[in-house]
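Taking it in order: structure first as structure tokens, then the write-up.
The values are calculated or read from the model by the stated rules, or taken from the named source; none is laboratory data. Quick caveat, the model's predicted, so the values are computed rather than measured. So basically every Cβ, Gly included, is an ideal-geometry build from the backbone, and we count neighbours across all protein chains shown.
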Amino acid sequence: MMKNTLIILLMSTGLFACNQSTKKQTTADTTPQAVDTGKVKQPILDDSIAKSPASTDTSTTKTVSAYRLIGPGKGIGRILLNENIENVSLLLGRPDSSDAAMGSSLMVWYAKHNSAGYKTSVFSHRNMGAKDEIISRIQKILITSPEFKTAEGVGVGATRDEIKKTYDLKPTSDYKNKDGKVQVYTDMDKGISFEIDASNKCVGVVVHKAHDTASAYLNMH
């Protein structure tokens, strides 16, 4: 009798263990796998003065990333009017060329440090005699990269007629490049200029303070 009872007890214990093992296996099989939600770092554009992440937006809207936004009277991308020129050097590194005289300076950066690439030029000036005269503040910014656009979606590559739909353009100056004469048109009320070549297309965009005639007429080339 004792022997039969012991056999039944061992069989029950084994059955319980099997059930427990099955439950554990089922639980493990049905547990959702962890998902990595970390953002993947995107590549950097070499021709971007802001060195911002490449856009993945494939929509046809005119929404412009803040990294590539041309703000008339304000700045271009991360470079803002009236800020310390040293901040730009920290952002872009050592300029490919620079010229300074009488408290003013003009610094130029080229995409991939190749003079044949897109250009970013920044003009700054020190307010001599003022309390902050040691700071050279940005007065004017020029870019030739088509990556940058205004909120309306215009920039390098746009035609003069397209630009005139939004901006009141008045001729202010001109210069010559390898392809001929380039006419500079300015919307003084908004603080922006567009450089238009012989084919009536924009080859450069300049941002300066609104109604700043001195900066608007300054040649950045």
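Here are some conditions: (1) hydroxyl-bearing (Ser, Thr, Tyr); (2) in contact (Cβ under 8 Å) with a residue 40 or more places away in the chain; (3) surrounded by 16 or more Cβ atoms within 10 Å (Cβ to Cβ). Ser173 meets all but one. Which one does it not meet?
The single condition Ser173 does not satisfy is (3).
If you check Ala100, Ala116, Ala130, which single one turns out to be part of a strand (DSSP E or B) and at pLDDT below 95?
Values: Ala116 fails: part of a strand (DSSP E or B); Ala130 fails: part of a strand (DSSP E or B).
So the residue among Ala100, Ala116, Ala130 that is part of a strand (DSSP E or B) and at pLDDT below 95 is Ala100.
Kindly check whether there is at least one residue in segment 67-83 that is modelled with pLDDT under 95, of a type outside the set (S, T, N, Q) and surrounded by fewer than 15 Cβ atoms within 10 Å (Cβ to Cβ).
No: zero hits.
Take segment 105-136 and flag every residue that is surrounded by fewer than 15 Cβ atoms within 10 Å (Cβ to Cβ), free of Cβ contacts under 8 Å to residues at least 40 places away in the same chain and either within 26 Å of Cys202 (Cα to Cα) or among the small types (Gly, Ala, Ser) (or both).
His113, Asn114, Ser115, Ala116, Gly129, Ala130, listed by residue number.
The rows are residues; the columns are (1) closer than 20 Å to Ala116 by Cα; (2) out of contact with any Phe, Trp or Tyr (no Cβ under 6 Å at 6 or more places or on another chain); (3) small (Gly, Ala, Ser); (4) at pLDDT 95 or above.
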site: Gly155; (1), (2), (3), (4): yes, no, yes, yes
site: Asp161; (1), (2), (3), (4): no, yes, no, yes
site: Tyr167; (1), (2), (3), (4): no, yes, no, yes
site: Cys202; (1), (2), (3), (4): yes, no, no, yes
site: His221; (1), (2), (3), (4): yes, no, no, no
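Can Ile192 be described as under 21 Å from Ala116 (Cα atoms) and crowded, with 22+ Cβ neighbours inside 10 Å?
Values: under 21 Å from Ala116 (Cα atoms): no; crowded, with 22+ Cβ neighbours inside 10 Å: yes.
In short, no.
Which of the residues belonging to segment 184-221 are closer than 15 Å to Ala158 by Cβ and assigned to a loop (DSSP other than H, G, I, E, B)?
Asp197, Ser199, Asn200
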